[in-house]
Ligand code: ADP
């Protein structure tokens, strides 16, 4: 039987506090930590996360790798690397969609059913928020997965408003 698409929720808050099976990290290709949500996740997970990430050899843009959550409430962290916005003609949309697909596949690979996503690429990587939100929602709705619940965790009100508008 084909899986149904996940239930979607939009919440305002800090993704490091999510009590869910997996949280997604908007990482960079080194997987060695950075600013924004990446820095927050490493601080909350503790130094074991960085030690584990050092063994992974990085991650190409658009792909995802999964680690334990260590000190986080979430059991897993799915590290995905969003595209840096360069005007829109460098394959950014396909790479961003690939982040969401790859993250759901990574969740399936460890049996995570409830997954929380940040707004990948919309911070330091400057992806326009409305376009990124469209990709996030449409990709999660159309990707075959055993994930049953997706929470879009928005760090500010402008982001939350975009998701709410997109989900109607
Ligand atoms: P990127 O480099 O992919 O743009 P950023 O971390 O700079 O990643 O930003 C991605 C999104 O994550 C932005 O909307 C930012 O406001 C948000 N963000 C930053 N910290 C957190 C957090 N602790 N929880 C959830 N979202 C966060």
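The values are calculated or read from the model by the stated rules, or taken from the named source; none is laboratory data. Remember, it's a predicted structure, so these values are computed and weren't measured experimentally. As a convention, Cβ positions derive from the backbone with ideal geometry for all residues, glycine included, and neighbour counts pool all protein chains shown.
Tabulated data for the structure shown
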| quantity | calculated |
| --- | --- |
| Residue within segment 79-93 that is touching a strand residue (DSSP E or B) at 6+ places or on another chain (Cβ under 8 Å) and over 14 Å from residue 26 (Cα atoms) present | no |
| Test: residue 31 is in contact with a helix residue (DSSP H, G or I) (Cβ under 8 Å, 6 or more places away or on another chain), surrounded by 15 or more Cβ atoms within 10 Å (Cβ to Cβ) and farther than 24 Å from residue 166 by Cβ | yes |
| Out of 89, 108, 134, sole residue that is more than 28 Å from residue 46 (Cα to Cα), more than 11 Å from the ligand (Cβ to nearest atom), free of Cβ contacts under 8 Å to residues at least 60 places away in the same chain and within 15 Å of the chain's Cα centre (by Cα) | 134 |
| Options 67, 61; residue that is away from the ligand (no atom under 14 Å from the Cβ), surrounded by 17 or more Cβ atoms within 10 Å (Cβ to Cβ) and at pLDDT 95 or above | 67 |
| Identity of the residue in segment 1-16, near the ligand (Cβ under 8 Å from one of its atoms) and in a loop (DSSP other than H, G, I, E, B), that ends up nearest to residue 53 (Cα to Cα) | 14 |
| Filter pass, residue 86 being touching a helix residue (DSSP H, G or I) at 6+ places or on another chain (Cβ under 9 Å) and under 25 Å from residue 156 (Cα atoms) | yes |
| Filter result for residue 102 (surrounded by fewer than 16 Cβ atoms within 10 Å (Cβ to Cβ), closer than 19 Å to residue 142 by Cβ and touching a residue at least 40 places away in the same chain (Cβ under 8 Å)) | no |
